[in-house]
1. If I filter region 35-66 down to residues being of a type outside the set (A, V, I, L, M, F, W, C), part of a loop (DSSP other than H, G, I, E, B) and crowded, with 21+ Cβ neighbours inside 10 Å, which single residue comes out as farthest from ligand 1 (Cβ to nearest atom)?
2. Have a look at Met304, Met262 and point out the one that is under 29 Å from Val353 (Cα atoms), more than 14 Å from ligand 1 (Cβ to nearest atom) and either in contact with a His (Cβ under 7 Å, 6 or more places away or on another chain) or at pLDDT 95 or above (or both).
3. Go through region 108-127 and give me each residue that's surrounded by fewer than 21 Cβ atoms within 10 Å (Cβ to Cβ) and either within 22 Å of Ala175 (Cα to Cα) or among the basic types (Lys, Arg) (or both).
4. Spot the failing condition for Trp201; the list is (1) without any contact (Cβ under 8 Å) to a residue 60 or more places away in the chain; (2) crowded, with 23+ Cβ neighbours inside 10 Å; (3) assigned by TED's automatic domain parsing to the domain that holds Ala316, and only one is missed.
5. Look through region 127-171, keep the residues that are without any contact (Cβ under 8 Å) to a residue 24 or more places away in the chain and of a type in the set (D, E, K, R), and return whichever of them is farthest from ligand 1 (Cβ to nearest atom).
6. Which condition does Ser254 not pass, out of (1) away from ligand 2 (no atom under 12 Å from the Cβ); (2) more than 22 Å from Gly138 (Cα to Cα); (3) of a type in the set (Ser, Thr, Tyr), if it passes all the others?
7. Restricting the search to region 266-280, which residues are within 16 Å of ligand 2 (Cβ to nearest atom) and either acidic (Asp, Glu) or crowded, with 24+ Cβ neighbours inside 10 Å (or both)?
Amino acid sequence: MNNQITLLPGDGIGPEVVAEAQKVLNAVSEKFSVDFSYETGLAGGIAIDETGNPLPEETLGKCLNSRGVLLGAVGGPKWSDPTAKVRPEQGLLQLRKSLGVFANIRPVKVFSALAEASPLKADRVENVDIVFVRELTGGIYFGTPQGREDVAEGRSGFDTMRYNEMEIRRVLHVAFKLAQQRSKKVTSVDKANVLATMRVWREVATEVSQEYPDVEYEDILVDAMAMYLINRPGDFDVVVTGNMFGDILSDEASMITGSLGMLPSASLGEEGSVGLFEPIHGSAPDIAGQGIANPLATILSTAMMLRSSFGLNDAAVAVETAVDQVLADGYRSADIAKAGEDSVGTQQMGDLVVERILL
Ligand code: IPM
Ligand code: MG
């Protein structure tokens with residue numbers, strides 16, 4: 001059986017948090033008697049520096065040969081000149097496209113030990129348990145034509161938002177199947193009052209919903225959804241939406257928890273294909289190299305990989321439980337510590353999780 005995991009540490013705090021996730025995987029190997037083999041690849045800004053390409057062929061080859069890919073983060077000020085020819089983010093988009101991971105699963109759960117870190121009032125966040133299903137390989141991120149040109153009025157830039165029925169249908173099915181295992185509610189977010197793309201989205205979403213009579217279905221316009229996530233976030237179960245709206249709303253939703261550094265994600269394609277797992281926080285260049293980044297989102301992404309790519313549900317639960325215990329025992333990294341509270345560094349946080357897995 002292919003037990004290869006490809007590690008793409010990437011940029012900024014990526015290498016630090018991926019190192020802790022690998023320690024956790026080693027602990028899982030020991031505890032559950034499974035073997036993983038690892039490959040490490042260059043991706044993002046570091047890959048541009050070393051090869052000129054944010055996703056070198058060699059890296060993609062390793063990813064395609066593995067069961068799961070664990071990515072730290074890509075990007076940083078060094079590579080963010082808007083006129084640059086190559087950007088780290090292009091590597092990530094190309095990786096998603098090449099792996100065919102069309103469904104990006106982003107759970108937004110409030111960790112009870114951290115509930116007070118939320119900027120929202122406690123009664124609003126108590127019952128928050130949302131899973132975003134963001135379409136990841138289509139929409140305005142990939143539509144053509146895309147580019148820039150000089151016109152009479154000056155510089156002009158353009159992108160194309162486009163979805164076909166197959167793309168909408170398959171991600172909606174992921175959302176409904178997920179809802180069946182949860183609270184049986186799907187909210188589809190669109191902008192059907194303005195965008196033609198989104199009228200097709202709503203039509204297809206409504207059709208798919210009829211195949212799941214056991215699941216409650218609603219559609220909400222994206223601007224209204226931006227409000228509801230703040231004033232009634234506890235009302236949602238599975239939220240499915242297109243690529244760009246999903247990008248924006250999932251960042252907004254992450255703030256409900258008050259702990260961006262805690263949120264994992266899984267990007268999945270057809271059954272049995274290689275999955276891509278990454279924390280949803282970015283490369284945090286301001287704290288890179290200081291040993292203070294929170295590795296828990298990457299560790300929780302690893303749990304998602306154990307469950308979805310390897311079918312190791314017990315191991316996934318062991319990792320998630322260990323994280324809960326570390327928090328319950330009062331340990332905090334700097335991003336989730338209260339003012340004046342002691343905090344632990346990246347490596348110590350990893351060690352604390354490992355100890356609890358091996359107990
Ligand atoms: C995300 C990120 C990426 C995206 C960037 C880094 C390309 O914001 O995963 O949400 O926009 O998809
Ligand atoms: Mg984003």
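The values are calculated or read from the model by the stated rules, or taken from the named source; none is laboratory data. Note that the structure is a prediction, hence the values are computed from the model and not measured. Cβ sites come from the backbone with ideal geometry, for glycine too, and all protein chains shown count toward neighbours.
1. Ser66
2. Values: Met262 fails: either in contact with a His (Cβ under 7 Å, 6 or more places away or on another chain) or at pLDDT 95 or above (or both).
Of the residues listed, the single one that is under 29 Å from Val353 (Cα atoms), more than 14 Å from ligand 1 (Cβ to nearest atom) and either in contact with a His (Cβ under 7 Å, 6 or more places away or on another chain) or at pLDDT 95 or above (or both) is Met304.
3. Lys109, Lys121, Arg124, Asn127, listed by residue number.
4. (3)
5. This residue is Glu153.
6. It fails just one condition, (1).
7. Correct list: Ser267, Leu276, Phe277, Glu278, Pro279.
Okay, residues lined up against (1) touching a strand residue (DSSP E or B) at 6+ places or on another chain (Cβ under 7 Å); (2) surrounded by fewer than 24 Cβ atoms within 10 Å (Cβ to Cβ); (3) in the same structural domain as Ile5 (by TED's automatic domain parsing):
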{"residue": "Ala297", "(1), (2), (3)": "yes, no, yes"}
{"residue": "Thr302", "(1), (2), (3)": "yes, no, yes"}
{"residue": "Arg307", "(1), (2), (3)": "no, yes, yes"}
{"residue": "Gly311", "(1), (2), (3)": "no, yes, yes"}
{"residue": "Asp314", "(1), (2), (3)": "no, yes, yes"}
{"residue": "Val319", "(1), (2), (3)": "no, no, yes"}
{"residue": "Asp335", "(1), (2), (3)": "no, yes, yes"}
{"residue": "Gly340", "(1), (2), (3)": "no, yes, yes"}
